[in-house]
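Undergrad: This is the structure, below, for whatever I ask next.
The values are calculated or read from the model by the stated rules, or taken from the named source; none is laboratory data. Note that this is a predicted model, so its numbers are computed, not measured. With ideal geometry, Cβ positions are generated from the backbone for all residues, glycine too; neighbour counts draw on all protein chains shown.
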Amino acid sequence: MHLPVEGGRISTRLRAMALSRRIQSLRGSIPGCRSLVYADLSARLVLCSDSDLPRPPQEALDALCLRAVRLMTGPVAEAARMALAADLPPGEAVVVQGGGIEVFLRAPTASDEALCAVLDPAADPEVALALLRGGIDAILPGVTEHAATADRGQ
């Protein structure tokens, strides 16, 4: 398959579409997942999202990203690390509040990136975390795999 190339690299639009499809597929595989956000924690930026809402408010997505930042990189993460006598801050977090569940998973190969999922109240966060763990590795390599193929001229 030949992909359109701009200056020896796959177009940004195609990479974004591939990432969007992967996020959509991952969200669809998680029972009771209402929204899934792929976030850059250092930039405090939503990179990609998928939701069962036609168009979720950007403010809600940004707030979910900010909660991930606070839970996984800030003083809360440091307090959890110390309380657990761990070498590193937690790579996962589950928040149950207001009739909903939020699950956060830091990317093991890119510590500044994380998946954030909003689940139905009846959803099982352990199942969601297991599926996120299995799916997070497919998100980054899949996007860069196409770029590497394009760079080789294939």
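Undergrad: Can you name every residue in the range 41-66 that is at pLDDT 90 or above, touching a strand residue (DSSP E or B) at 6+ places or on another chain (Cβ under 7 Å), closer than 17 Å to ALA117 by Cβ and not hydroxyl-bearing (Ser, Thr, Tyr)?
TA: Correct list: LEU41, VAL46, LEU47, CYS48, ASP50, ASP52, LEU61, ASP62, LEU64, CYS65.
Undergrad: Does GLU102 count as surrounded by 15 or more Cβ atoms within 10 Å (Cβ to Cβ), under 16 Å from ALA138 (Cα atoms) and at pLDDT 90 or above?
TA: no
Undergrad: Conditions: (1) more than 16 Å from the chain's Cα centre (by Cα); (2) part of a strand (DSSP E or B); (3) surrounded by 14 or more Cβ atoms within 10 Å (Cβ to Cβ). ALA80 meets all but one. Number of the miss?
TA: (2)
Undergrad: Follow-up question, since we're still on this one. Within the range 4-14, does at least one residue satisfy the condition of being touching a residue at least 24 places away in the same chain (Cβ under 8 Å) and under 22 Å from ALA123 (Cα atoms)?
TA: no
Undergrad: Output the residues belonging to the range 105-127 that are among the hydroxyl-bearing types (Ser, Thr, Tyr) and surrounded by fewer than 11 Cβ atoms within 10 Å (Cβ to Cβ).
TA: Once the filter is applied, which keeps residues that are among the hydroxyl-bearing types (Ser, Thr, Tyr) and surrounded by fewer than 11 Cβ atoms within 10 Å (Cβ to Cβ), the range 105-127 yields only THR109.
Undergrad: Next question, about the same structure. Do you know which residues across the range 106-135 are assigned to a helix (DSSP H, G or I) and within 18 Å of PRO90 (Cβ to Cβ)?
TA: Answer for the range 106-135, where residues must be assigned to a helix (DSSP H, G or I) and within 18 Å of PRO90 (Cβ to Cβ): PRO125, GLU126, ALA128, LEU129, ALA130, LEU132, ARG133.
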